[in-house]
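The structure appears right after this line, and notes come after that.
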Amino acid sequence: MKKYCIIYCLFFIANHFLVAQTFNKILVESEKHQYQNLKKISQVQYPGDSTIDVIYYKLDLKLTYQPKNLDGIVTVNFKSNSLSLTSFYLDLQNELHVDSVIMNGNKITFTHMSGIPKLIINLPSPLSPGQEGSITVYYRGIPGSTGFGSFEFGNDGSGGQAIYTLSEPYGASDWWPCKDTPADKADSSDVWITVADNLTAVSNGTLQVVIDNGDGTHTFKWKNSYPIAQYLISLAIADYSTYDTYYKYAATDSMPITNYIYSLDYNQNTKDLLDKVATMIKIYSDHYGPYPFLKEKYGHAEFGWGGGMEHQTITSVGGFDETLIAHELAHQWFGDKVTCKTWNDIWLNEGFATFSEALYYEDEYGRQAYDSNIEGKMSTAKKDKNNSVYVDDISSVNRIFSYPTTYAKAGIVLHMLRGIVGDSVFFNILRSYNSDPRFAYGVASTSDFESVAESISGKNLGYFFNEWIYGLGYPNYRYSWNYTYAGSGNYEISLNVNQVAHTNPDFFTMPIQLKVITDVGDTVITVFNNQSAQSFNFVVSGVPSDLVFDPNNFIMKDELLTEQPKEIIPGQYVLDQNYPNPFNPVTVLRYRLPKRTQVKLTVTDATGKQVAVLVNEEQLLGSYSVPFDGSKYASGVYFYTLETNDFQQTKKMVLLK
């Protein structure tokens, strides 16, 4: 069952399934297919049968539209992962009827379990570890259409017949028997499609031959020679018009970009957009490494769902939009060449493609376009503070493909990583991750990407991944600054940074860039904020007039300057008003010392009774921030007093519980 909703927001809303319509560069999501049958989701035997390793899939499918029917012959070559493999299962939904299973030319026994989407296959003799086998399943029926659609007998918008698939995440077993997990890629695949001779059938890889069967049908034989995940195998069938361009990747070599378009959209505007694809491929190739499937093709096949889906070498699209095209193309590197190992790690697909949208705009239209794109994604990501980028509940398709987290925030994570390590190292990380023989044309997890990022950057990034991938929310900074003449035209900046309390993490550890504007020029420095309340001191040349917090917007955050900066005259003590005030349960007491001196900072209640001694030691010249935890005290008025050898001052604070 499908549920339709309309959501309006900036920048490519809600998973692949966003509407590919443009209105002043705003993508509007329309008719998003949401998953309603959670019972079926819970029955998916994720992560497939671990006793086998799939080597090869061949789908030989005959499809009729009137009546709607699929006759399928699917061959699965596999290798035993068991000490003695006597049976295994493939995932196949119960709407489809299995006629027989063949091995070595003979029928073998099987059970297609009622209510559970398993096809259990009994082998005639056991297979030892590493021993290969091959079975062929004959089946028929009308495929189901769960998740975002899976399989559809639709139309091309003008009354013509159209058949199309979209299997991510759990929909492949709706229309063919497979091991339904992204963790086990087949080394290669073939898809043969027999349809009425007025239709064109499109799939992955290269078209080997089209056979006229002499009975009003013809068969398209597509061959894919690269490793492929089950959910990336696709069908797109209609009375298409084609528009071909080419990507020239060497002086004498080029790759076809073949586009299959419904008649309604076969116009100059569509062609103009598709003419940009070769430029997009070059931009991504320059940053990420060569297009992963140069021996085959890239292209688009229009289908009846809104948005797009990055089927390997042939993206399915519901319309043509520049951002959508850039997003789905980037998946050929991140999602298709390197695939998330589990749906928990789907950000490795979607976050990378979402970041790549901004990267394309940067290279094509300039840094301002990138910054604007990133700002929009940050705004969207802030709408969900309750879910982590790492998906904790893969039983819900809507949770897996939550746009604010899986797409927007995940893309911002890469933008922030870029800010931490710098451009050269950042793109080296992405190229290394995409070409690493452990992951290239295979699968990867979050920890795999983290290990590459740490190895290439030479930095311990555990804090970053823990808070931004596994944690919730984003930092809320409150800061203030003052300055003191330090001699020879230099000034010492004293910066206080406080974070509003969080639950997970308690506070965000991040390097923070600061730009100080002075009468002799700008100075950019980076401080490492690893406490909820922290003070920093540094020297700049010239009289400071402004301090810009995170000038390049490298942190997803809220920020507030809590007081106007001022010059502190040397020799002057300063006891600032605590912040926040009133407070519950923690506030921060701040003061400035003009010299090295003995310091005592105490707290008394309204009766004058001393309740806490926060500082009692000799301290150096500088600014200090001292937290006071009122959790064990009653609500009311309290006073804090700063005492030194030659100074004493008291201020009031209010604890409200």
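The values are calculated or read from the model by the stated rules, or taken from the named source; none is laboratory data. Computed from a predicted structure; not experimentally measured. So basically every Cβ, Gly included, is an ideal-geometry build from the backbone, and we count neighbours across all protein chains shown.
Is there a residue in segment 136-157 that is among the aromatic types (Phe, Trp, Tyr) and over 26 Å from LEU264 (Cβ atoms)?
Yes, because at least one residue in segment 136-157 is among the aromatic types (Phe, Trp, Tyr) and over 26 Å from LEU264 (Cβ atoms).
ILE412 fails exactly one of the following numbered conditions: (1) buried (at least 24 other Cβ atoms within 10 Å of the Cβ); (2) more than 23 Å from LEU329 (Cβ to Cβ); (3) of a type in the set (A, V, I, L, M, F, W, C). What is the number of that condition?
All conditions pass for ILE412, except number (2).
Give the residue that is farthest from THR313 (Cα to Cα), with candidates limited to residues of segment 159-212 that are without any contact (Cβ under 8 Å) to a residue 60 or more places away in the chain and part of a loop (DSSP other than H, G, I, E, B).
Residue satisfying both the conditions and the ranking: GLY159.
Restricting to segment 454-492, count the residues that are at pLDDT 95 or above and over 23 Å from the mean Cα position of the chain (by Cα).
Summing the residues that are at pLDDT 95 or above and over 23 Å from the mean Cα position of the chain (by Cα) in segment 454-492 gives 6.
Quick check on my filter: what residues within segment 249-262 are modelled with pLDDT of 95 or more and either of a type in the set (Phe, Trp, Tyr) or over 15 Å from HIS300 (Cβ atoms) (or both)?
SER254, TYR260, TYR262
I'm trying to understand the selection: among the residues of segment 297-324, which are hydroxyl-bearing (Ser, Thr, Tyr) and under 18 Å from ASN155 (Cβ atoms)?
Listed by number, the list holds a single entry, SER316.
Test of understanding: among GLY216, GLY141, GLY133, GLY159, which residue is surrounded by 19 or more Cβ atoms within 10 Å (Cβ to Cβ), of a type in the set (Gly, Ala, Ser) and outside the structural domain of ILE346 (by TED's automatic domain parsing)?
Testing whether each residue is surrounded by 19 or more Cβ atoms within 10 Å (Cβ to Cβ), of a type in the set (Gly, Ala, Ser) and outside the structural domain of ILE346 (by TED's automatic domain parsing) leaves just GLY133.
Does GLY115 fit the bill of being on the phi > 0 side of the Ramachandran plot and in contact with a His (Cβ under 8 Å, 6 or more places away or on another chain)?
Spelling it out, it is not the case that GLY115 is on the phi > 0 side of the Ramachandran plot and in contact with a His (Cβ under 8 Å, 6 or more places away or on another chain).
Looking only at segment 599-639, how many residues end up being surrounded by fewer than 16 Cβ atoms within 10 Å (Cβ to Cβ), of a type in the set (Ser, Thr, Tyr) and more than 19 Å from GLN577 (Cα to Cα)?
2
Of all residues being surrounded by 13 or more Cβ atoms within 10 Å (Cβ to Cβ) and among the charged types (D, E, K, R) in segment 640-657, which is nearest to GLN499 (Cα to Cα)? Just the residue, please.
The extreme case among them is LYS651.
Give segment 339-351 a look and list any residue that's buried (at least 21 other Cβ atoms within 10 Å of the Cβ) and assigned to a loop (DSSP other than H, G, I, E, B), or say none.
Once the filter is applied, which keeps residues that are buried (at least 21 other Cβ atoms within 10 Å of the Cβ) and assigned to a loop (DSSP other than H, G, I, E, B), segment 339-351 yields LYS341, ILE346.
Consider GLY542 against the criteria (1) modelled with pLDDT under 95; (2) within 30 Å of ILE55 (Cβ to Cβ): it satisfies all of them except one. Which criterion is unmet?
Here GLY542 clears every test but (2).
Of all the strands (runs of 3 or more DSSP E) wholly in segment 612-657, which have at least 3 residues that are of a type in the set (Ser, Thr, Tyr)?
In segment 612-657, the matching strands (runs of 3 or more DSSP E) lie at 622-629, 636-643.
Quick one: in segment 77-103, of everything that is assigned to a loop (DSSP other than H, G, I, E, B) and touching a residue at least 24 places away in the same chain (Cβ under 8 Å), which residue is nearest to LYS58 (Cα to Cα)?
LEU92
When SER188 is evaluated against the numbered criteria (1) within 18 Å of ASN224 (Cβ to Cβ); (2) of a type in the set (S, T, N, Q); (3) at pLDDT below 95, which criterion, by number, is the only one it fails?
Tallying (1) within 18 Å of ASN224 (Cβ to Cβ); (2) of a type in the set (S, T, N, Q); (3) at pLDDT below 95, SER188 fails exactly one: (3).
For segment 507-549, name all the residues that are among the small types (Gly, Ala, Ser), free of Cβ contacts under 8 Å to residues at least 60 places away in the same chain and assigned to a strand (DSSP E or B).
Within segment 507-549, GLY521, SER541, SER545 meet the criteria.
Considering each residue of segment 412-468, count those that are of a type in the set (A, V, I, L, M) and outside any helix (DSSP H, G or I), and give that number.
Looking only at that region, the number is 4.
Pick out, from segment 266-336, the helices (runs of 4 or more DSSP H) lying fully within it that include 2 or more residues that are polar (S, T, N, Q) and farther than 26 Å from LEU414 by Cα.
Those helices (runs of 4 or more DSSP H) span 268-274.
Would segment 182-194 turn up any residue that is crowded, with 17+ Cβ neighbours inside 10 Å, in contact with a helix residue (DSSP H, G or I) (Cβ under 7 Å, 6 or more places away or on another chain) and either over 30 Å from TYR56 (Cβ atoms) or outside the structural domain of LEU166 (by TED's automatic domain parsing) (or both)?
Checking segment 182-194: not a single residue is crowded, with 17+ Cβ neighbours inside 10 Å, in contact with a helix residue (DSSP H, G or I) (Cβ under 7 Å, 6 or more places away or on another chain) and either over 30 Å from TYR56 (Cβ atoms) or outside the structural domain of LEU166 (by TED's automatic domain parsing) (or both).
Any residue at all in segment 257-279 that's surrounded by fewer than 20 Cβ atoms within 10 Å (Cβ to Cβ) and farther than 28 Å from ALA162 by Cα?
Yes - at least one qualifying residue is present in segment 257-279.
Consider LYS600 against the criteria (1) within 42 Å of the chain's Cα centre (by Cα); (2) in contact (Cβ under 8 Å) with a residue 12 or more places away in the chain: it satisfies all of them except one. Which criterion is unmet?
Here LYS600 meets the rest and fails (1).
Residue under question is ASN259, and the condition is that it be part of a loop (DSSP other than H, G, I, E, B), out of contact with any Lys or Arg (no Cβ under 8 Å at 6 or more places or on another chain) and not hydrophobic (A, V, I, L, M, F, W, C); does it hold?
Spelling it out, it is not the case that ASN259 is part of a loop (DSSP other than H, G, I, E, B), out of contact with any Lys or Arg (no Cβ under 8 Å at 6 or more places or on another chain) and not hydrophobic (A, V, I, L, M, F, W, C).
Quick one: would you say PRO565 is touching a residue at least 24 places away in the same chain (Cβ under 8 Å) and surrounded by fewer than 16 Cβ atoms within 10 Å (Cβ to Cβ)?
Answer is no for this residue.
Is it the case that some residue within segment 265-273 is aromatic (Phe, Trp, Tyr) and under 26 Å from SER356 (Cα atoms)?
Taking every residue of segment 265-273 in turn, none turns out to be aromatic (Phe, Trp, Tyr) and under 26 Å from SER356 (Cα atoms).
Could you please find all residues in segment 352-392 being free of Cβ contacts under 8 Å to residues at least 40 places away in the same chain and in a loop (DSSP other than H, G, I, E, B)?
Those that are free of Cβ contacts under 8 Å to residues at least 40 places away in the same chain and in a loop (DSSP other than H, G, I, E, B): GLY366, LYS383, ASP384.
Checking the conditions here, which among SER457, SER432, SER451, SER395 is surrounded by fewer than 22 Cβ atoms within 10 Å (Cβ to Cβ), free of Cβ contacts under 8 Å to residues at least 24 places away in the same chain and out of contact with any Gly (no Cβ under 8 Å at 6 or more places or on another chain)?
None of the others qualify; the one that does is SER451.
What single numbered condition from (1) surrounded by fewer than 18 Cβ atoms within 10 Å (Cβ to Cβ); (2) part of a strand (DSSP E or B) fails to hold for PRO67?
Among (1) surrounded by fewer than 18 Cβ atoms within 10 Å (Cβ to Cβ); (2) part of a strand (DSSP E or B), PRO67 violates only (2).
ASN553 versus (1) of a type in the set (S, T, N, Q); (2) at pLDDT 95 or above; (3) in contact with a strand residue (DSSP E or B) (Cβ under 6 Å, 6 or more places away or on another chain): which is the lone unmet condition?
Just one mismatch for ASN553, condition (3).
What is the one condition in (1) surrounded by 15 or more Cβ atoms within 10 Å (Cβ to Cβ); (2) assigned to a strand (DSSP E or B); (3) touching a residue at least 60 places away in the same chain (Cβ under 8 Å) that LEU560 does not satisfy?
(1)
When the residues of segment 469-498 are filtered to those that are hydrophobic (A, V, I, L, M, F, W, C) and assigned to a strand (DSSP E or B), which remaining residue is surrounded by the fewest Cβ atoms within 10 Å (Cβ to Cβ)?
Out of the qualifying residues, it is ALA486.
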